[in-house]
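The values are calculated or read from the model by the stated rules, or taken from the named source; none is laboratory data. What you see is a predicted model, and the numbers here were worked out from it, not measured in a lab. All Cβ positions, glycine included, derive from the backbone under ideal geometry; neighbour counts span all protein chains shown. Just the protein is used for accessible areas: all its heavy atoms, side chains included, with ligands, DNA and RNA removed. Shrake-Rupley method; radii C 1.70, N 1.55, O 1.52, S 1.80 Å.
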Amino acid sequence: MLLVADSGSTKADWKLCFKGELIGDYVSMGFNPFFHDSQIVVKELSGIHGLMAHANDVHRIYFFGAGCSHPSRNQIIADSLKKVFPNARINVDHDLDASAYATCGNE
């Protein structure tokens, strides 16, 4: 399964896909590594029961977030996600990258 997140500092939208089809749509508080540590991320995500039902089945995560503009900050989010989704390969990038991908694709 593939999980994609678009996170600001106050709200995050999560899309869970299986074989190219959307199977889950979730909302959580936003995660910004300037303000949120691993404990907050893990606690918040653990409370989303529909998402947690698939936690072990998620094999790829793309997280785009506010404040995720430096490898050390990105690692805070990646380490947090790994605690919740132990089988996932995780990619963390700035939320502006998501805007560029949505607008320009691979160009």
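Observations on the model:
- Here is the figure for the range 1-17: residues that are touching a residue at least 24 places away in the same chain (Cβ under 8 Å), open to solvent by 40 Å² or more (accessible area, probe 1.4 Å) and part of a strand (DSSP E or B) total 3.
- Looking across the range 20-42, the residues that are open to solvent by 20 Å² or more (accessible area, probe 1.4 Å), in contact with a Leu (Cβ under 9 Å, 6 or more places away or on another chain) and either in a loop (DSSP other than H, G, I, E, B) or not hydrophobic (A, V, I, L, M, F, W, C) (or both) come down to Gly20, Asp25, Tyr26.
- Every residue from the range 1-45 that is under 23 Å from Gly67 (Cα atoms) and of a type in the set (Phe, Trp, Tyr): Trp14, Tyr26, Phe31, Phe34, Phe35
- Yes/no for Phe85 being touching a helix residue (DSSP H, G or I) at 6+ places or on another chain (Cβ under 9 Å) and at pLDDT below 95: no
- The numbered conditions (1) in contact with a Phe, Trp or Tyr (Cβ under 6 Å, 6 or more places away or on another chain); (2) surrounded by fewer than 18 Cβ atoms within 10 Å (Cβ to Cβ); (3) more than 13 Å from Val4 (Cα to Cα) are all true for Gly67 except (2).
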